[in-house]
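The values are calculated or read from the model by the stated rules, or taken from the named source; none is laboratory data. Quick caveat: nothing in here was measured; it's all calculated off a predicted structure. Ideal geometry is used to build each Cβ from the backbone, glycine not excepted, and the neighbour counts take in all protein chains shown.
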Amino acid sequence: MDHQPPPFFKRGPAPLARLSFYSALSLALIFFDARFQTLELLRQGVSLLTHPIQQAAHAPMVLLDNASDYFFSITRFQEENARLKRERLVSAETQLRTRQLEAENERLRKLLDVKARQQVNGQVTQILYAARDPFSRRVIVDKGEQNNIVAGQPVIDDSGVVGQVTRVFPFVSEITLITDKDQAVPVQIVRNGLRSVVFGLGNGQLELRFMPANADVQNGDLLVTSGLDGVFLPGFPVAKVVLIERDTSYSFARIYCVPVAGVENFGEVMVLDPRPPVTLPPVLTSEAASGVAKPLVKPGAKKKHLKRD
Amino acid sequence: MQPTFSSSRILQPVRPWFIVLSLLAALLLNYLPTSAWMWMPDWVALLLVFWSIREPRRVGMGSGFILGLAMDVADASLLGQHALAYVLLTYVASSLSRRILWFPVGQQALHVLPLLLMVQIVQLGVRAMPGVEFPGLNYFIGPFVATALWLPLTVVLLLPQYQPVERDANRPI
């Protein structure tokens, strides 16, 4: 019979018990966050508490920024203004023509009974800072749930796709850059329309995976979004092919690309509105509702109903 | 008679609000947009290890867990990654506190270095399981910088406890 004498001082549970409790809790959090992504509510709750501290931490930087803007001579702004006016004049011609072409395209598409090209709308946001996590490539922007940002929205800058909104907090949201490891963007090659998916490598480069060794890909090929994912609108530049390794011992070629957009830059980016879901043709919708998969009698007849965008 | 070690000076009891304030200041320092500088030490880990060595009764695994969650949310990292690392850190630090306090400050820093390296290694292990790119050896510079800061940090954080109880105009400190 061994029994311990009562402790003189109340010190709570033993350190080892506390250690196992807290580490089990942390491990559970890690597991649920990595596997199920179901802890967004907890994340948002904690972020409400940490947001004021973050604001305080960024206040000196913002102040420094504003001060430098204030004290810079006015001539720089005048120069910039003049340059922008010139550039606008140069691009006005193209823009006017584009508008006319868009209208014409719209008419032609209507004639061909093809679904109209979707309009692009979005909100301009400011990148606040890069996330401190050294393992991933993410940035935080200054618009969140308050500005109706939702997870999954594509993000572009003036030259191409930057990434995708992955987490939304009340006042800020988190963008995963396309160079983050295994971040995927469905693309197609402009030159020949070949479709594929480009993956981030985590080191600032991208890789075009699952392309056969004899695929028609050349150095300098421009990849644009194919729009097949239903998230990105088609036609935005994503990356440029820089290096192709064709090794006969592998069935796939290793194709490395660099992003076109200033992915590592800080500045303003545009968060595009989520793409409206593409509805199935009425025939297919009624089939899906009835739950009976009828065998196709005429494959050619169905093809006519398929809509492209 | 116990042998006296170098910091045998009798200190005032620490004020709880000072601990809280210093931990919040560390959180603020960690939130500064310094992600481009990999050598920046993890201030929260450094302060946690300091207080759990000095005051193991007041700062322990609970504070480590809460601050870890705060770091995870702000860092956009896996939820629980910092929490696990800080809980392990505070456990080891508080269980070694009696041993570490026996040494002069310079040698205390040598004890702290492996603890801070453990924080980085735990986080690397947690992130390596789902598969991430190794961020390079620069990732391990932070703990060495933090170790170099141990001496000035000890002086600064213990300053309030050096104050005498009764004010004496002729006393230097």
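Scan region A:239-258 for residues that are at pLDDT below 90 and under 17 Å from A:Ser159 (Cβ atoms) and the total you get is 0. The C-beta contact set for region B:33-45 (first residue more than 8 Å from chain A (Cβ to nearest Cβ), second residue part of a loop (DSSP other than H, G, I, E, B), distance under 9 angstrom, 6+ apart or interchain) comprises B:Met40/A:Arg132; B:Met40/B:Leu32; B:Met40/B:Thr34; B:Pro41/B:Leu149. Taking the criterion of being in a helix (DSSP H, G or I) and either of a type in the set (Val, Ile, Thr) or modelled with pLDDT under 85 (or both), the residues of region B:10-36 that qualify are B:Ile19, B:Val20. All of (1) buried (at least 19 other Cβ atoms within 10 Å of the Cβ); (2) away from chain B (no Cβ under 14 Å); (3) assigned to a loop (DSSP other than H, G, I, E, B) hold for A:Pro134 with one exception: (2). Selection of region A:193-219 for residues being buried (at least 18 other Cβ atoms within 10 Å of the Cβ) and in contact (Cβ under 8 Å) with a residue 60 or more places away in the chain yields A:Gly200, A:Gly202. With respect to the conditions (1) over 27 Å from A:Ala14 (Cα atoms); (2) within 14 Å of another protein chain (Cβ to nearest Cβ), B:His82 lacks only one, and its number is (1). Consider region B:81-117 and keep the residues that are polar (S, T, N, Q) and more than 22 Å from A:Ser20 (Cβ to Cβ). The one that is surrounded by the fewest Cβ atoms within 10 Å (Cβ to Cβ) is B:Gln107.
Looking at region A:164-208, which of the residues that are touching a Phe, Trp or Tyr at 6+ places or on another chain (Cβ under 9 Å) and charged (D, E, K, R) is nearest to A:Lys240 (Cα to Cα)? Checked region A:164-208; the qualifying residue nearest to A:Lys240 (Cα to Cα) is A:Glu207. Does A:Arg83 fit the bill of being more than 14 Å from every other protein chain (Cβ to nearest Cβ) and at pLDDT 85 or above? Yes: the conditions hold for A:Arg83. Checking region B:96-116 against the condition returns no match, with no residue being touching a residue at least 40 places away in the same chain (Cβ under 8 Å), closer than 30 Å to A:Phe169 by Cβ and either within 14 Å of another protein chain (Cβ to nearest Cβ) or among the acidic types (Asp, Glu) (or both). The residues of region B:41-78 that are at pLDDT 85 or above and within 17 Å of B:Leu124 (Cβ to Cβ), listed by number, are B:Pro41, B:Asp42, B:Ala45, B:Gly68, B:Met71, B:Asp72. Which one is surrounded by the fewest Cβ atoms within 10 Å (Cβ to Cβ), of the residues in region B:46-63 that are within 12 Å of chain A (Cβ to nearest Cβ) and in a helix (DSSP H, G or I)? Filtering region B:46-63 for residues that are within 12 Å of chain A (Cβ to nearest Cβ) and in a helix (DSSP H, G or I), the one surrounded by the fewest Cβ atoms within 10 Å (Cβ to Cβ) comes out as B:Gly62. Restricting attention to region A:177-192 and to residues that are of a type in the set (Val, Ile, Thr) and crowded, with 22+ Cβ neighbours inside 10 Å, the residue that is farthest from the chain's Cα centre (by Cα) turns out to be A:Val187. Checked against the criteria, A:Leu48 counts as part of a helix (DSSP H, G or I), touching a residue at least 60 places away in the same chain (Cβ under 8 Å) and within 30 Å of B:Tyr31 (Cβ to Cβ). Scanning region A:43-57 for residues that are within 7 Å of chain B (Cβ to nearest Cβ) and within 24 Å of A:Val150 (Cβ to Cβ) yields A:Arg43, A:Val46, A:Ser47, A:Thr50, A:Gln54. Go through the residues of region B:17-36 one by one and say whether even a single one is under 20 Å from B:Gln120 (Cβ atoms), loosely packed, with under 13 Cβ neighbours inside 10 Å and not β-branched (Val, Ile, Thr). The answer is yes, given that some residue of region B:17-36 is under 20 Å from B:Gln120 (Cβ atoms), loosely packed, with under 13 Cβ neighbours inside 10 Å and not β-branched (Val, Ile, Thr).
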